[in-house]
Amino acid sequence: MIGDPMPLDRIARAIDDTSPTGIAAAISRLITGGEIAPGERLPTVRELASRIGVSPATVSHAWQALSGVGLITSRGRSGSFVHDRAPSWQPRRYAELSGHTQTTRIDLSRGTPDPALLPSIGRALSRVAERAGTASYHDTAVMPALRETLESEWPSGRGSLTVVDGALDALSRTLDVVVRFGDRVVVEDPTFPPFIDLLELAGAQIVAVPLDGEGISVTGLAHALSAEPSAVLLQPRAHNPSGVSMTAARAEAVAHTIRRAGSDVVVIEDDHHGALSAAPAFTFARLLPEQTVTIRSFSKSHGPDLRIAALGGPSAIVDRIAARRTLGPAWTSHMVQSILNELLHDPVAVAEVRLAADSYRTRQRLLADALAGQGLAVPVRDGVNTVFAVPDERDAAVQLAASGVRVATGSAFAATATPRAPFVRVTAGQLRSAEDAEHVATALAGLGLVPTPWDDAVRG
């Protein structure tokens, strides 16, 4: 009968540990294993507590942990239910990444910048004209003042440059030009989930190459190039999810491998952290200028709502992107471009972005130091994210949620059907105090962390 709860006996038999974490982990396995369906109603707290011989408070804590990781939801007096699947219109991996709405003590699952560290736009707004400066549909796509600013810092003077509505818009439009249905595309494994969604929508065949502590595996890339891919998609700095920044030696080796293969593959590099990265500004455009498309987003450094990314590279690619945009949005608002240009020049805003970069480095170090206090040596990563390998990522997420900490599970980031190693991604950039770092480190230490493939470089 629809609305009836799952039989108590089936749940009770699955529980071999009656602590809040043990109960939550058992229910989690039933849900992820498909034994409890999306939308199914669970027994009440009192019913389950009575059946397994624990206090209602114990089950309530387990329910809170499951709710914290988005597995169940409460509907008041109607009871608790297994969370419905994401709406069918949402890309699958994107939905997995953004699905939680419940509040928790420390949310480290989002991969987003701390709003408190974004530069204030008040001064920039005061300098924007009261009327829109663009009155013609045939005006230039990039505001001249912003173009001059971007070109003065752009890594390569060759090719073309345009502005689009954020990094994913830039990637989507680049793939439209570079990748045909059935083409192979090399990606780092793991990688940012929307990359995989975009490639699947483009009909591309994903070729996953392992990542290590210095960047994409050279041996793996050499093997992948033999399959004649049309593109290689890289995150050279502050890689999401791992927080790895490619070393200069690895970049040289990657470029050499591509040249030696005689490949005309297009290298698409997503520099999403920009000025927030602790690593020096880097681009393959200096090494492979004729075949590198560079995306530089200002979302994390200056504000996601600005929706601006610069896109530069070979004219044959970038000019086609700009031409196609004339039949859609045509240009990114010049008023918004003006705000960004002001922020890039305003000494106060520049100092605020520099302070944000220093703050993220400090927060990464706080977590690493707190884990060292637990006897766990981990590298200090770049940007806002870092990863930890765990025996079971779903159990890890449930246990962390029981401690009031939400993280993202690694399976959504896997570029292969079977993840190479279970892990959780932690947005260390959201840790606002040493106390929070200590709390998270204690919770992580209780998971039985194991070395990740990204702790040390894999040679050869």
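The values are calculated or read from the model by the stated rules, or taken from the named source; none is laboratory data. Computed from a predicted model, the values in this text were never measured in an experiment. Note that each Cβ is placed from the backbone with ideal geometry, even for glycine, and that neighbours are counted across all protein chains shown. Please note that ligands, DNA and RNA were not included when accessible areas were found on the heavy atoms of the full protein model with its side chains. Shrake-Rupley method; radii C 1.70, N 1.55, O 1.52, S 1.80 Å.
Would you call Arg180 basic (Lys, Arg), closer than 19 Å to Thr386 by Cα and outside any strand (DSSP E or B)? Taking the combined requirement at face value, the residue does not satisfy it.
Apart from one condition, Thr21 fits all of (1) in a helix (DSSP H, G or I); (2) open to solvent by less than 30 Å² (accessible area, probe 1.4 Å); the exception is (2). If the condition is being touching a residue at least 12 places away in the same chain (Cβ under 8 Å), part of a loop (DSSP other than H, G, I, E, B), open to solvent by 10 Å² or more (accessible area, probe 1.4 Å) and β-branched (Val, Ile, Thr), then segment 408-428 contributes only Thr416.
Pairs are defined by a Cβ separation below 7 Å, a sequence spacing of at least 6 or placement on different chains, a first member in segment 36-47 that is assigned by the TED database to the domain that holds Gly76 and closer than 16 Å to Gly70 by Cβ, and a second member that is part of a loop (DSSP other than H, G, I, E, B) and modelled with pLDDT under 85; the pairs so defined are Ile36/Met6; Pro38/His83; Pro38/Asp84; Pro38/Arg85; Gly39/Asp84; Glu40/Met6; Leu42/Met6; Leu42/Gly79. Of Leu355, Leu367, all but one fail to be of a type in the set (A, V, I, L, M, F, W, C) and open to solvent by 70 Å² or more (accessible area, probe 1.4 Å); the exception is Leu355. Per the listing Thr149, Thr103, the residue uniquely surrounded by 12 or more Cβ atoms within 10 Å (Cβ to Cβ) and either modelled with pLDDT of 85 or more or not charged (D, E, K, R) (or both) is Thr149. Residues in segment 239-272 that are part of a loop (DSSP other than H, G, I, E, B) and touching a Phe, Trp or Tyr at 6+ places or on another chain (Cβ under 9 Å): His239, Asn240, Pro241, Ser242, Gly243, Val244, Ser245, Met246, His272. Here is the figure for segment 369-390: residues that are free of Cβ contacts under 8 Å to residues at least 12 places away in the same chain and either within 18 Å of Ser433 (Cα to Cα) or of a type outside the set (A, V, I, L, M, F, W, C) (or both) total 1.
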